[in-house]
1. Which one of 194, 187 is modelled with pLDDT of 95 or more and among the aromatic types (Phe, Trp, Tyr)?
2. On the basis of being within 22 Å of residue 105 (Cβ to Cβ) and in contact with a Lys or Arg (Cβ under 8 Å, 6 or more places away or on another chain), does residue 77 make the cut?
3. Those residues that are of a type in the set (A, V, I, L, M, F, W, C) and either assigned to a loop (DSSP other than H, G, I, E, B) or more than 24 Å from the chain's Cα centre (by Cα) (or both), I need them from segment 36-62; list them, please.
4. State yes or no: is residue 201 assigned to a loop (DSSP other than H, G, I, E, B), open to solvent by 50 Å² or more (accessible area, probe 1.4 Å) and acidic (Asp, Glu)?
5. Report, by residue number, each residue of segment 141-161 that is in a helix (DSSP H, G or I) and open to solvent by 50 Å² or more (accessible area, probe 1.4 Å).
6. Out of curiosity, is residue 28 touching a Lys or Arg at 6+ places or on another chain (Cβ under 7 Å) and either among the small types (Gly, Ala, Ser) or surrounded by 12 or more Cβ atoms within 10 Å (Cβ to Cβ) (or both)?
7. Of 29, 101, which residue is in contact (Cβ under 8 Å) with a residue 12 or more places away in the chain and within 30 Å of residue 12 (Cβ to Cβ)?
8. Which condition breaks for residue 35 when tested against (1) open to solvent by 70 Å² or more (accessible area, probe 1.4 Å); (2) within 30 Å of residue 152 (Cβ to Cβ); (3) not basic (Lys, Arg)?
Amino acid sequence: FGLGDLPQGFARLSAVYAGTFMLNTPVDEIVRDESGKFVGVRSGDQTARAKQVIGDPSYFRDNVRKTGRVIRAICILDHAIPNTNADSAQIIMPQRQIGREHDIYITCLSHEQKVCPQGRWIASISTIAETTGEPKEEIAAALKLVGSIEQIFVSVSDIYEPAASGVDDNVFVSRSYDATSHFETVYNDVKDIYKRVTGNELTLQKRPVNAEQEA
């Protein structure tokens, strides 16, 4: 259920093609040669060697630049978002309607999606931070829209993007997750990484039913 099925699906497909997974393994060092090109990843006294590496910005602080900050709030509700009468909802509050430079994204899920007990709803709110002030003030319009809140958890995270393509040192870094909730930017990032790694455009096609059954 949920996003956990994405890495699980990737792991299963990778195993079909002889991929190896090292679970609960800390990354102690990104090993490079004298020219600065990627050689491997060291964990303790072991080094996993490869020709290329793909990872998120948290592993490669020297290969990224900060582009902003994202505000995220997780709200526990005892009701659906007012006027939706739905077990799930996705709402985008346009920037012009709320006097901001960036949209605010709201996703609400319930027990129907197996994310919380019956009688509870989980609302996630996110937007790009535009000030250094109180985060709740920037998402006030969204907090008002979701109605009464039993408990709220707010965080502010930095957003990074790769400083280079990765072709020169074989280190290919993804972008940080932004405030959007519809995964369009994540999909675009995957396409961008694929092109940087392979030099070709990513073309996704639905496999024939027989091929899916064989996999």
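The values are calculated or read from the model by the stated rules, or taken from the named source; none is laboratory data. Not measured: the values here are computed from a predicted model. Positions of Cβ are backbone-derived with ideal geometry, glycine not excepted, and every protein chain shown enters the neighbour counts. Heads up: the accessible areas ignore ligands, DNA and RNA and are worked out on the full protein's heavy atoms, side chains in. Shrake-Rupley method; radii C 1.70, N 1.55, O 1.52, S 1.80 Å.
1. Numbers: 187 fails: modelled with pLDDT of 95 or more.
Result: 194 is the single residue among 194, 187 that is modelled with pLDDT of 95 or more and among the aromatic types (Phe, Trp, Tyr).
2. Against the criterion (within 22 Å of residue 105 (Cβ to Cβ) and in contact with a Lys or Arg (Cβ under 8 Å, 6 or more places away or on another chain)), residue 77 qualifies.
3. Listed by number, the residues that qualify are 38, 39, 48, 50, 60.
4. yes
5. Within segment 141-161, the subset in a helix (DSSP H, G or I) is 141-146.
Passing the criteria: 144, 145.
6. Working: touching a Lys or Arg at 6+ places or on another chain (Cβ under 7 Å): yes; either among the small types (Gly, Ala, Ser) or surrounded by 12 or more Cβ atoms within 10 Å (Cβ to Cβ) (or both): yes.
Criteria met by residue 28.
7. None of the others qualify; the one that does is 29.
8. (2)
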